[in-house]
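Each remark here refers to the structure printed beneath this line.
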Amino acid sequence: METVAKEFEGKLPQKIINEAVAEAKKRSCSKDQLKKIIQYLKEQYDDARITAGEGIGIVTAESFGEPSTQMTLNVFHFAGVAEVSVTQGLPRLIEILDARKEIKTPSMEIYIKKEFNKDMNVVKKVAASIKETKFADIVTEFTINLSKLQIEATLHQNRIKDLKLTPDTIAKALGEGLKNVIVTSSPNKITLKAKDAENELMEIYKLKEKSKDIFIKGIKGISQVLPVKKDNEFFIVTAGSNLKEVLEIKEIDETKTSTNSLFEVLAVLGIEAARRTVINEAKKVIENQGLDVDIRHIMLIADIMTTSGTVKGITRSGITSGKSSVLARASFETPIVHIINASLVGEEDQLNSVIENVMLNQPVPLGTGLPGLVAKMIKGAEKGIPKGKAKK
Amino acid sequence: MIDVFMDEKFIGEVENQEDFLKKVKDERQKGKLPNTLNIWYNDELKEVHIEIANGRVRRPLIVVEKGKSKLTAEHLKKLEANELTWKELFSQGVMEYLDAAEEENAYVALNEEDVTAEHTHMEISPSIILGLTTSLVPFANFGQSSRLNRGSKAQKQALGFYSANYLVRMDTDVNILHYPQNPLVKSFMYDVSKQNLHPAGQNIIIALMSYEGYNMQDALVFNKGSIDLGLARSTYYRPYKAEELRYAGGLIDEICVPDKEVKGYRSEEDYKLLEDDGIIFPESIVKEDDVIIGKTSPPRFLGEIDEFSIAANKRRESSITMRHGEPGKVDFVMVTENEEGMRLVKTRLRHQRIPEIGDKFASRHGQKGVVGLIVPEADMPFTVTGVKPDLIFSPHSIPSRMTVSHLLEVLAGKTGALDGRTIDATTFSSEPEHDLRKTLLELGFREDGTETLYNGLTGEKLKAKIFIGNMYYLRLKHMVANKLHARASGRIQLLTRQPIEGRAKGGGLRLGEMEKDCLVGHGASLLLKERFDSDITRIQVCESCGMLAVYDNFKNTQFCHRCGGNIVINTIQISYAFKLLLDELRALGIGPKLNLKSKYDDGSRTQRSK
């Protein structure tokens, strides 16, 4: 058995060979039978491989382009559980492929380590500690005191207790966040007054709105948390993402916790993780829309986007700028910039890709245009074949 | 405390927003505050907003108080007797104009029966949710909303009788339907909007069945007999105009039969239809490129001297000719003056359009299709009584589109035609389906509208019962006669040497970016090259410098502007567009060079000086 396996080593992926051997042993096949089986597997494997000269780039582009035109007609671009909404469909796909730094709805899935996982209270505690608390969240009522020209905020006592805050700590956080404002605290009230006495009504109103956004407690960026139970396991879905700080929490299972923000993954976990995130996120969108794109197309896109070591989008500043051909770059947005820069350094275009050859009306090096003719040349033939010698 | 904003500006606070809102609304009704003011309370943000700015869309609603509509039977009686005006209804507080914001606080009932104590307002009529054309769709409440939109869009494109004085008008792109009819099945809005004065369709008999596969995918099969009797026949009118313009230097255009000396003179044959004044005579039959109005213009540039002719005769021929692919008859000729008192000639061409394969038709339910086959009357399927459908419609067009209203119209149309009356199909208040079925049954027909049909080709009885009935069908303005186009070779653009664009100029059909991608995706590399050969050129390249060289075929000499005469040149084949790109780069001061290598080379390229 093992000799047969050895024979095919390197010609087929080891995983397929191992599987075939294991299955053959279970069904007690003979050596010859196993050989035939693997032979057949090899045929199938070779048939499934992409032939030389196949335009995989353009096939990938079309395979992505066709379903995305379907998606424009689809209305379901947003989805999510309860208050945590997630961008989906075409807008999300564009976000991924463009490698946007700031995505519309950053979101995380935070898993809890096994030892804490059974207890709902621990999960709730973790969730509460993650959530970013702003001043507006712990205030029941804002009043503008017109006579004293100050803002009086009544505090939400129960919420403060839950978050283990005191009026003093709140006042301190407010003092850090707001400049030129005098903050005074009493057991159930916080008073804000601008330092420069002459205040217009409009200014006070603006101050009131500004104070609502002051960060008090939690992890910055995470605006909503939602503990979810799925298959007897708790995890927390969030709106807003901060992978670095979340991974520092000790109750969290850092092997499973994930975010949908490409650049956070890149910064915290590195380029391979970012590539995987591109694949996962793109796949998620396509599956959610009930469409079917082969995973290998998505992998090709993810490879192209991450091959340089950073995440580059499918845009003119992203992967297009990395093309070696001047004409190919110039044919996609802002041609003048590319041509001028190329002429400054005296770039040479080898005409190795598709678009350049279409522009020159030459066969593109794909499919039927790929194979060349090997011919025996007569000496001095570059200057045209001399008459009478052509037959030789 | 609740913040109050006026036109999105903070103006103060109130203790109790409900009292405040009520007071403002009362004052508004009394006329102390402007009628155009709207106020609403945002419960989420705890803010009251007052809006008085321009540009807010508002709509009238009937006020409801304590579960009772303020509009009573008494009001209606007075309105009918003209004792009460629309404006007075508002000052009396019976009705109110709400904007999009104030509507957020309102709870509007659709019908009077639905009104509860919670409601604040009531719609004037439930069908008010539809626009003018959409409310013309019969049984609209049985159709899918997107289909209603398409249905109303189709009605805007339908040929009909747009104006009674069309014969003295010179409108562009005019189509007149020869025998327009009012629909048998119509909504209340049809009469209210005076659609009956300019109908735009015909009541025809349709059968829902397949016919030899010629009505697949929204194609329609027409009865030749019906078309011969004038079904959906229309006339297309197009005006052509010529003006004698005045130019600088006292020169003017002249409408006349051009003189033989004129630059660009066609031939005597081309001007034979013109009368002595240079204008074509009415009822003459013309085809494409024929001269309709003869005209000559002064030379384009003053001082343009033609060496070989006498200086006086350098006028240009600038006659008005028929457009490509549009034959017709001269319908009307008019000679008048323009604003400057110069002669202005307008002629109108007429062309009868008999329905043909490729013409577009639609029902009022967003069910559009093109004619796929015109069948001789003898081959059409027929009923026991000998009725043959005018049109055969594919039943596969119905389930996925869910246009139940389409089926109901056929049933109602059949009932109406047999009972001799029009059927009311107003949205939400149409004649009920079971009444229609009952009438049909009483008239001796199957109540579901189906009938036994016989195969027109063999005379055999069709196994299935066929749904057949009357329906109002629209002929849409998109006709193949205006769109058919093909080209093998023809005019090219001067700059790029690529074929020109557009049907009117006999242009090429573009193989665009995505079509190119398709060929690349299939690896059909050489086919793709051949497709783009339309602007193929041969250019000479200098071996030593890589710039364009010159080869003089006449003297059999070659030289390069840069390297002189003693050089080696190569001839290569590229697209003219690329040659143009190289030229333009050179014009910008960038010097692109072509490094050539033999197709059969082993890859080592010859070194060139840079």
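The values are calculated or read from the model by the stated rules, or taken from the named source; none is laboratory data. Not measured: the values here are computed from a predicted model. Here the Cβ is made from the backbone with ideal geometry for all residues, glycine too, and neighbour counts use every protein chain on show.
Just a few scattered comments:
- Boolean, residue B:211 is crowded, with 21+ Cβ neighbours inside 10 Å, closer than 20 Å to residue B:322 by Cβ and of a type in the set (Phe, Trp, Tyr): no
- Identification of strands (runs of 3 or more DSSP E) wholly contained in segment B:1-87 with 1 or more residues that are within 14 Å of chain A (Cβ to nearest Cβ) and at positive phi yields B:9-14.
- Checked against the criteria, residue B:589 does not count as closer than 30 Å to residue A:56 by Cβ, without any contact (Cβ under 8 Å) to a residue 12 or more places away in the chain, in a loop (DSSP other than H, G, I, E, B) and not polar (S, T, N, Q).
- Checking B:153, B:241, B:224 one by one, the residue that is under 25 Å from residue B:481 (Cα atoms), touching a residue at least 24 places away in the same chain (Cβ under 8 Å) and within 23 Å of the chain's Cα centre (by Cα) is B:153 and no other.
Condition check ((1) surrounded by 16 or more Cβ atoms within 10 Å (Cβ to Cβ); (2) away from chain B (no Cβ under 14 Å)) across all residues:
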| residue | (1), (2) |
| --- | --- |
| A:13 | no, yes |
| A:16 | no, yes |
| A:21 | yes, yes |
| A:25 | no, yes |
| A:28 | no, yes |
| A:34 | yes, yes |
| A:45 | no, yes |
| A:49 | no, yes |
| A:57 | yes, no |
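- Taken together, the residues in segment B:117-132 that are at pLDDT 90 or above and polar (S, T, N, Q) amount to 1.
- Criterion violated by residue B:547 - all others in (1) within 9 Å of chain A (Cβ to nearest Cβ); (2) on the phi < 0 side of the Ramachandran plot; (3) surrounded by 17 or more Cβ atoms within 10 Å (Cβ to Cβ) satisfied: (1)
- Exactly one residue out of A:313, A:309 is in contact (Cβ under 8 Å) with a residue 12 or more places away in the chain and crowded, with 16+ Cβ neighbours inside 10 Å, and it is A:313.
- Of all residues making up segment A:344-361, the number that are within 8 Å of chain B (Cβ to nearest Cβ) and either without any contact (Cβ under 8 Å) to a residue 24 or more places away in the chain or exposed (fewer than 11 other Cβ atoms within 10 Å of the Cβ) (or both): 5
- Scanning segment A:162-216 for residues that are at pLDDT below 80 and touching a Ser or Thr at 6+ places or on another chain (Cβ under 7 Å) returns a single hit, A:163.
- Among the residues of segment B:557-587, those that are facing chain A (nearest Cβ under 8 Å) and farther than 17 Å from residue B:546 by Cβ comprise B:575, B:577.
- Filter result (in contact with a Phe, Trp or Tyr (Cβ under 8 Å, 6 or more places away or on another chain), in a helix (DSSP H, G or I) and not hydrophobic (A, V, I, L, M, F, W, C)) within segment B:408-437: B:409, B:413, B:414
- Among all positions in segment A:128-142, there is no residue which is at pLDDT below 90 and in contact with a Pro (Cβ under 9 Å, 6 or more places away or on another chain).
- Evaluating residue B:482 against the criteria (1) over 28 Å from residue B:233 (Cα atoms); (2) under 34 Å from the mean Cα position of the chain (by Cα); (3) in contact (Cβ under 8 Å) with a residue 60 or more places away in the chain leaves one unmet condition, (1).
- Candidates A:228, A:246 - the one that is crowded, with 20+ Cβ neighbours inside 10 Å and farther than 30 Å from residue A:192 by Cα: A:246
- Counting only strands (runs of 3 or more DSSP E) that sit completely within segment B:326-397, those holding 1 or more residues that are of a type in the set (Phe, Trp, Tyr) and in contact with a strand residue (DSSP E or B) (Cβ under 7 Å, 6 or more places away or on another chain) correspond to B:328-337, B:360-362, B:391-393.
- Selection count, segment B:252-286, where residues are basic (Lys, Arg), surrounded by 13 or more Cβ atoms within 10 Å (Cβ to Cβ) and more than 39 Å from the chain's Cα centre (by Cα): 1
- Qualifying positions in segment A:177-208 - loosely packed, with under 12 Cβ neighbours inside 10 Å and within 25 Å of residue A:160 (Cβ to Cβ): A:179, A:186, A:187
- Residue B:10 vs. criteria at pLDDT 90 or above and among the aromatic types (Phe, Trp, Tyr): no
- Among residues of segment B:526-543 that are surrounded by 14 or more Cβ atoms within 10 Å (Cβ to Cβ), those with a beta-carbon under 6 Å from a residue that is of a type in the set (Ser, Thr, Tyr) and assigned to a helix (DSSP H, G or I) at least six positions away or on a different chain give the pairs B:526/A:368; B:535/B:576; B:537/B:576.
- Residue check, residue B:232 assigned to a loop (DSSP other than H, G, I, E, B), under 30 Å from residue B:378 (Cα atoms) and in contact (Cβ under 8 Å) with a residue 60 or more places away in the chain: yes
- Residue list for segment B:125-173, restricted to those being more than 30 Å from residue B:346 (Cα to Cα) and in a loop (DSSP other than H, G, I, E, B): B:125, B:130, B:131, B:132, B:133, B:137, B:138, B:139, B:143, B:144
- On the stretch given as segment A:177-222, residues that are under 30 Å from residue A:241 (Cβ atoms), of a type in the set (Asp, Glu) and in contact with a strand residue (DSSP E or B) (Cβ under 9 Å, 6 or more places away or on another chain) total 1.
- Residue list for segment B:501-554, filter: polar (S, T, N, Q) and part of a helix (DSSP H, G or I): B:525, B:534
- Qualifying residue in segment A:69-76 (condition: surrounded by 13 or more Cβ atoms within 10 Å (Cβ to Cβ), modelled with pLDDT under 85, within 14 Å of chain B (Cβ to nearest Cβ) and farther than 30 Å from residue A:366 by Cα): yes
- Qualifying residue in segment A:132-146 (condition: surrounded by 13 or more Cβ atoms within 10 Å (Cβ to Cβ), of a type in the set (Asp, Glu) and either within 14 Å of chain B (Cβ to nearest Cβ) or not in a strand (DSSP E or B) (or both)): yes
- Meets criteria (touching a Lys or Arg at 6+ places or on another chain (Cβ under 9 Å) and not basic (Lys, Arg)) for residue B:138: yes
- Looking only at residues of segment A:320-336 that are in a helix (DSSP H, G or I) and out of contact with any Lys or Arg (no Cβ under 9 Å at 6 or more places or on another chain), we find that the one that is surrounded by the fewest Cβ atoms within 10 Å (Cβ to Cβ) is A:336.
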